[in-house]
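These notes are about the structure you will find just below.
Laboratory data are not the source of any read-out in this text; all were calculated from the coordinates shown. All values derive from a computational prediction rather than experimental measurement. With ideal geometry, Cβ positions are generated from the backbone for all residues, glycine too; neighbour counts draw on all protein chains shown.
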Amino acid sequence: MRYLMYILLALGVFEVVSNAWHLGRGSVGRIGKSAKRQHGEIPGSLPDVHFFVKAIVMFAFGLLFLAAAGCFLLYDGGCGPFITAVVVSFAAYGLAQALVYRHTPSAWMSAVVYALPAVAYFILAG
């Protein structure tokens, strides 16, 4: 279980740093253009505002992953409901994104990737 928390910690750091990089670009248009490079699972033909929102959502998930990992590490695993909520919310976001952009195969592949932390959590917590 501890390995999963290190994975969540790494995922949180990655999401916060990479999306903070995009969000630091200034305007919605510049942020959207910057985020398009990373978030290729949604169609590149969409307006920049979609990528701006995606960067904000992924930044927020990064913070949640950091909080979940920190909670587990500080309270020695006493944060099960919070961790469950975080990984299930991430998987639900991936599914919702795949349903919205259903004609994009990479959106469905991303949904599988977004579900992996939840699957790993339930297997290890089992």
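A few notes on this one:
- Qualifying residue in the stretch 44-65 (condition: polar (S, T, N, Q), within 24 Å of Leu99 (Cβ to Cβ) and assigned to a helix (DSSP H, G or I)): no
- Screening the candidates Ile42, Ile123, Ile31 for the property of being more than 17 Å from the chain's Cα centre (by Cα), β-branched (Val, Ile, Thr), more than 16 Å from Leu9 (Cα to Cα) and buried (at least 17 other Cβ atoms within 10 Å of the Cβ) yields one hit, Ile31.
- The stretch 86-120 - residue that is over 13 Å from the mean Cα position of the chain (by Cα) and under 22 Å from Leu63 (Cα atoms) and, of those, surrounded by the most Cβ atoms within 10 Å (Cβ to Cβ): Ala120
- Contact map, the stretch 78-89: first residue outside any helix (DSSP H, G or I), second residue not charged (D, E, K, R), Cβ cut-off under 6 Å, separation 6 or more or different chains; pairs are Cys79/Cys71; Cys79/Phe72.
- Of the residues Gly40, Gly12, the single one that is under 24 Å from Tyr101 (Cβ atoms) and either touching a Lys or Arg at 6+ places or on another chain (Cβ under 8 Å) or among the small types (Gly, Ala, Ser) (or both) is Gly40.
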